[in-house]
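What follows is a single structure, written as C-alpha cells, with notes after it.
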Amino acid sequence: MKEAMGPPLTPKPYKIGIAPSHITTPTAPLFAERADDWDEVRKKIDFYKVYSLQAVPPDWATPLPVNSFAAFVKKHGIAVDAEFGAFRADGGAEEGKTAAKRAKAMHAWLGHRGLKLRALHLDGPVRRLMDCDRKSKGGLSLKQAAEATAVFLAECRKAFPGTRIGLITNFPNWHYSPEHPGMLGTWTQRSGVHYREVLEAVHRAARGKGAGFDFVEVDCPLNYYRATRNRANPSRRVNNPAKFKALQRWCVQRNVEFWLVVNYDTNPQRVAGKAALGARLFHDETLAYIRRLRRDGVFPDCFTIQSWYKLPAKHLPEEGGHSFMHTARDSIRLIRELYPQPDPVKVILDTDMSGDCDDAGALGLLHALADLRECELLAVVTNRKDLANASAAAADAINTYYGRPGIPIGTCKEKPTALQRTSPYTAALRDGFPNNTGPDDRAPDALDIYRRVLKAQPDGSVTVCSVGAFSNLATLWRREPQLVRAKVRRLVAMGGEFPRSKRAETNIATHPEAARVVAAQWPGEVIWHGFEVGQVLITGEKLKHTPASNPVRRAYELRRHRGRPSIQGGQPSYDQAAALFAVRGASPKSWEVISGGRVSVDVEGLTTWRADPSGKHAYVRIAGDPKRLAAEIEALMIAPPKNRTTGMTP
Ligand SMILES: [Ca+2]
C-alpha cells in the first residue's frame, strides 16, 4: 500500500485524556477527594474515557461506581468519553441498528445523571471487519460489513447528537502478511483485509449516509510501535513511524482527526508477577513513547493516556511511586513540554453587560475558550452605566461560575451616556449567583484596571475586545496613549455597520463622541464587526441544556427578544462573534476580512468604510454558512465549565 501524500505534518492544538479504568482496574478510589497526582491530572485533562461495559459489567470486568464517578466529573467539569465494542460485523445488515440500540442502552446512565458523551470510541468494528472478507467463503463482503458499520454510525449520530464518533484501529496490522502474529495479526492473515481498506470502505459507506466518523484512534503500545522487524518473518523490515504518518495524512485529507493511545504493554509474563516492576516499566515506557513520537514527527489531534490491563490496579489507591495517575501526571507534563501549544490569546473584554444578553453569552464563550487554553481572560471592564448598578456583579457571577472568580473587574464612571436602561438580568445575576464585586459605583475604575493589567503584560500582547460603548477606550487612549501603543496588539470592536450604516448602531449611539475618538485616533489595528454580522447568528436556545446554576442561561431567560425570552429560540450573537474573532482570529472557514482602510464615525454616529492603503482598520463578513458559525458559537456557550466553582467564594 502506498503512502498517501499530503500537507506536511506540523504542530497544532490537541487534546489530552485519560483512560485509567481499563477493564480490570478498580476505579472507586479515584473519586475520593485527595491532593496528589490525581489532583493535578484532573485539572489538565480534556476528558476521561470509560469503558461502556463498566456501568453494567460482566464478571470479568470491574464496575465503575457510576454515581460517585458522575458526581466527580460534574463537579470538576471533566468531559466523559466512552469506548464501546459490542459490535459484530458478521451480524448482517441488521447489526448496525442492533449495535446502536445496544450503545444507547449502555450509555443511558450518563444521561440519567445529567452527563453528556463527548466522544464515542468504537472498538471492535475495524477488527471484525478485517475478519470478514476475501479468503473466507460465505462471510460478509467488506462492502456489506462497511455498510452495516455505516448504519451503526448513522444511528449513533441520531442517538448521541453532538457526540464525536471515531473508530479504534489496533496496530500492528497493516499488511496481508502479519508483522506480529497473534491476537489481531491472524485476522488479517486469514482474510487478507487490512486497516486502510477497512477505513476507506467505512468512510465511503458512512459518507453515503451523511454519517462519517470524526476520528481514527490508533491503539498501538510502544512495544509494537518500535519494532523494526516482522516477528513472523524477521527478514522483513517494519516501519511503524512511516505508517503512523501515512494514516495521519489519510485523516487530514478526509477531514478526520488522528487520535492516539499512549501506553506500554506490560504483559504479566514480561515482569514475572512483579507488579512494582510492571508499574515502573509502564511509567518509563509510556514517557519514552511520547518522546519517540515527537522525535518521529507524529502530531496527534488527541492523546489518550490509557492504563494497561491488570498491573496498574495493584497500585490503586494512589500511593505507589508509579501508579497510573503518577504516569498520567508525568505524561501530561511531558506532552505539554514537547508539543508546545500556541500561546493563549490575552483578552480584555470591554462590555456593556446590561441591556442585551449577548454580552453574557460573549463572556461565557471567552471562558469556554479559556478552558480550551485558547485564551487568557485578563480583565472585564464595563462601559455603559447600568441603572441596576449591577453590571460588574453580573460579570463576576459569570466569572465565578466558570471557576475564575479572581478576574479583575472595573466599571465606567463617566456621566450617564445615552440609551440608559435598567438591565433585565444583571440584578438577578447579582442576587441569584455567587459573586462578591459589589455595586458598579463602588467597583474599581475601568481606567485603573486597564492601567494595572496592561502594565503587567508583555509588549504587543493584549487583544481588547470591545462589545459595547467606546467610553473606556476613548478615556484610556486620552490618558494612557503610551500604554495603548506599547501593549495592545489589536482591538476587535463590535459596532457600526459596513461598509456604511443607515442609522447609528447602538454601541456608537450610546456614546458617539467616544466612538469618534477611537475610530479617528486609535493607533493600532482595529477589526470592526458591524451589527449585520451578529444579526444572522442566532444562538442561545441550547442554554436550556445547561444547569440552572449557569448565570448565562439565566440572562437568556430574562432578556426578551421578539416578544419572547431569548432562550426560547435564541437571539443574535453580535458580541459572541467579536469575542470568537478576538481569540480564534480570521479563520477563512468563518471570515472574510476586508482590510486596508479606515472607519470613520460622523456627528450623527453613522459609520463609513473608506479604502486607505495606510489604514490599520478592517471589517469582516461571514464566509460560508452562518448556521455553521452560529453552531460553533453556541457549542462554546454551552460547554460545561472545566473548573467550575461551587458555593460562595471568599
Ligand atoms: Ca454588548
Exercise. Of Ile633, Ile567, which residue is surrounded by 16 or more Cβ atoms within 10 Å (Cβ to Cβ), out of contact with any Asp or Glu (no Cβ under 9 Å at 6 or more places or on another chain) and within 15 Å of Gly364 (Cβ to Cβ)?
Worked result: Ile633
Exercise. In the range 342-378, what count of residues is obtained for those that are within 18 Å of the chain's Cα centre (by Cα) and within 12 Å of the ligand (Cβ to nearest atom)?
Worked result: 3
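Yes/no matrix, rows are residues, columns are (1) farther than 20 Å from Ala150 by Cα; (2) under 19 Å from the mean Cα position of the chain (by Cα); (3) modelled with pLDDT under 90:
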site	(1), (2), (3)
Leu64	yes, no, yes
Lys74	yes, yes, yes
Ala86	no, no, yes
Gly92	no, no, yes
Ala100	no, no, no
Met106	no, no, no
Asp123	no, no, yes
Exercise. Just for the range 24-56: of the residues that are modelled with pLDDT under 85 and in contact with a Leu (Cβ under 8 Å, 6 or more places away or on another chain), which one is farthest from Tyr309 (Cα to Cα)?
Worked result: Trp38
Problem set entry | Selection status of Arg490, under 14 Å from Leu473 (Cβ atoms), out of contact with any Gly (no Cβ under 8 Å at 6 or more places or on another chain) and buried (at least 17 other Cβ atoms within 10 Å of the Cβ) | no
Problem set entry | One residue from His511, His529 being closer than 22 Å to Tyr574 by Cα, buried (at least 17 other Cβ atoms within 10 Å of the Cβ), within 16 Å of the ligand (Cβ to nearest atom) and at pLDDT below 95 | His511
For this session: Could you check, for the range 379-393, whether at least one of its residues is within 14 Å of the ligand (Cβ to nearest atom), more than 23 Å from Thr475 (Cα to Cα) and surrounded by 19 or more Cβ atoms within 10 Å (Cβ to Cβ)?
Result: no
Exercise. Within the range 459-494, how many residues turn out to be within 16 Å of the ligand (Cβ to nearest atom) and more than 28 Å from the chain's Cα centre (by Cα)?
Worked result: 5
Problem set entry | Any chance Gly406 is modelled with pLDDT under 95, more than 16 Å from the ligand (Cβ to nearest atom) and either assigned to a loop (DSSP other than H, G, I, E, B) or surrounded by 20 or more Cβ atoms within 10 Å (Cβ to Cβ) (or both) | yes
Exercise. Would you pick out the residues in the range 527-578 that are closer than 23 Å to Tyr401 by Cα, in contact (Cβ under 8 Å) with a residue 60 or more places away in the chain and in contact with a Lys or Arg (Cβ under 7 Å, 6 or more places away or on another chain)?
Worked result: Leu543, Thr546, Ser566
Problem set entry | Within the range 570-605, considering residues that are among the hydrophobic types (A, V, I, L, M, F, W, C) and farther than 26 Å from Ala360 by Cα, the one surrounded by the fewest Cβ atoms within 10 Å (Cβ to Cβ) | Val603
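The values are calculated or read from the model by the stated rules, or taken from the named source; none is laboratory data. As the structure is a computational prediction, the values presented were derived from the model and not from experiment. For neighbour counting, all protein chains shown are included, and Cβ atoms are generated from backbone atoms with ideal geometry for every residue, glycine included.
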